[in-house]
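Structure, as structure tokens:
The values are calculated or read from the model by the stated rules, or taken from the named source; none is laboratory data. Small disclaimer: the values here were computed from a predicted structure and weren't measured. All Cβ positions, even for glycine, are placed from backbone atoms using ideal geometry, and neighbour counts span all protein chains on display.
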Amino acid sequence: MAKPVRGPCPTCGRNRRLTVDHIIPQVFGGDNSPENLRFLCEPCNTRRGHGIDETVWSRMSADQKAKLKHWCFGDSPPLTEDWAVLFEEIVKKRIPGFRRPDVRNC
């Protein structure tokens with residue numbers, strides 16, 4: 001069994017126990033590759049939820065983007081590929097489990 005990792009959280013800077021975070025959430029097709037994993041403290045990881053920001057959106061494959069749209073909008077997703085427009089539509093719908101990717105003040 002691996003020892004718990006402690007150190008400064010790259011998001012908030014506090015020295016805490018760190019947990020593995022999937023940059024592209026698994027629910028949207030993110031995998032367990034080293035490129036998709038990072039360490040965040042538990043409060044930052046929890047607060048992030050299924051949050052996606054513009055940087056993550058730009059890294060997502062077309063299939064992962066389609067999964068995100070279907071998860072948020074069902075069978076009638078917006079046709080836009082513009083993250084800012086899509087994000088505002090997601091925020092308006094108040095999707096359960098989807099949070100703004102704001103991890104400050106954790």
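Say we look at the stretch 58-81 and pick out the residues that are exposed (fewer than 11 other Cβ atoms within 10 Å of the Cβ) and over 16 Å from Pro25 (Cβ atoms); which of these is modelled with the highest pLDDT?
If we take residues in the stretch 58-81 being exposed (fewer than 11 other Cβ atoms within 10 Å of the Cβ) and over 16 Å from Pro25 (Cβ atoms), then Ala62 is modelled with the highest pLDDT.
Return the residue satisfying two criteria in turn: it lies in the stretch 1-42 and is of a type in the set (S, T, N, Q) and surrounded by 13 or more Cβ atoms within 10 Å (Cβ to Cβ), and of such residues it is nearest to Ser58 (Cα to Cα). Quick ask: steps written out before the conclusion?
Filtering the stretch 1-42 for residues of a type in the set (S, T, N, Q) gives 11, 15, 19, 26, 32-33, 36.
With surrounded by 13 or more Cβ atoms within 10 Å (Cβ to Cβ) added as a condition, the list becomes 11, 19, 36.
Working: Thr11: 20, Thr19: 24, Asn36: 13 Å.
Restricting to residues being of a type in the set (S, T, N, Q) and surrounded by 13 or more Cβ atoms within 10 Å (Cβ to Cβ), the top hit is Asn36.
Pairs under 6 Å by beta carbon, first residue under 18 Å from Ser33 (Cα atoms) in the stretch 45-60, partner among the charged types (D, E, K, R) and surrounded by 14 or more Cβ atoms within 10 Å (Cβ to Cβ), six or more apart or different chains?
Correct list of pairs: Asn45/Asp21.
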